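See structure below.
Nothing in this text is a laboratory measurement; each read-out follows from the coordinates by a stated rule. It should be emphasised that the depicted structure is a prediction, and the values quoted were computed from it without experimental measurement. Quick reminder, even Gly has a Cβ in these numbers, built from the backbone with ideal geometry, and neighbours come from all protein chains shown.
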Amino acid sequence: PGGGDGDSVVMERRAQRVAPPPMFQVVMLNDDYTPMEFVVVVLQEFFNKDREAATQIMLKIHLDGRGVCGVYSRDVASTKVEQVLDAANKAGHPLQCVSEPVE
Ligand code: TYC
């Protein structure tokens, strides 16, 4: 009882069980045509940002060319990308966004 070898086996098993899922960031890209207001509304609607945070993220994208809208599991991130592209297409804007692994 209390042997050191058994403890390390238990710890390895635990490490495997609780390994966190890989996370994906949804990145929005700048373009010259999508209205700033549309981007702010999209960030509020699909990424649960308040108007102030949404405006800051939009301006960051406008200035830097891209910006992270949120970090999610693979499935949720891919659904967010679909929702954004669908809303942009329906509104006739060229807004692009992608999901990429964090780090
Ligand atoms: N650059 C756009 C404009 O000047 C605004 C914009 C911001 C577009 C962020 C896309 O992801 C974007 N109207």
So, with +1 on the Cβ of K and R and -1 on the Cβ of D and E, and no other charges, what is the size of the charge dipole of the range 34-103 about its Cα centre, to the nearest 20 debye? 80 debye
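So for the range 19-103, what are the equivalent ellipsoid semi-axes in whole Å, largest first, each being the square root of 5 times an eigenvalue of the Cα gyration tensor? Let's see the in-between values first.
Values: eigenvalues 85, 37, 28 Å².
They are 21, 14, 12 Å, listed from largest to smallest.
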Amide H contacts under 5 Å for R66, restricted to residues at least 5 apart in sequence or on another chain and with H modeled in the peptide plane, are N30
Only helices counted: for the chain, with every DSSP H run of 4 or more residues adding -39500 (n - 2.57) and the sum spread over all residues, [θ] at 222 nm is -18500 deg cm²/dmol
Which residue, P101, T34, N48, has the largest displacement toward the positive end of the dipole of the chain when charges sit on each Cβ (Lys, Arg +1; Asp, Glu -1)? N48
Determine Rg/Rh for the range 10-63; Rg is computed over alpha-carbon atoms and Rh is the Kirkwood hydrodynamic estimate from the same atoms. 1.31
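Given 0.36 nm per residue, what is the gain on full extension from R74 to H93 after removing their alpha carbon distance, in nm?
Using 0.36 nm per residue and subtracting the Cα-Cα distance, I get 4.3 nm.
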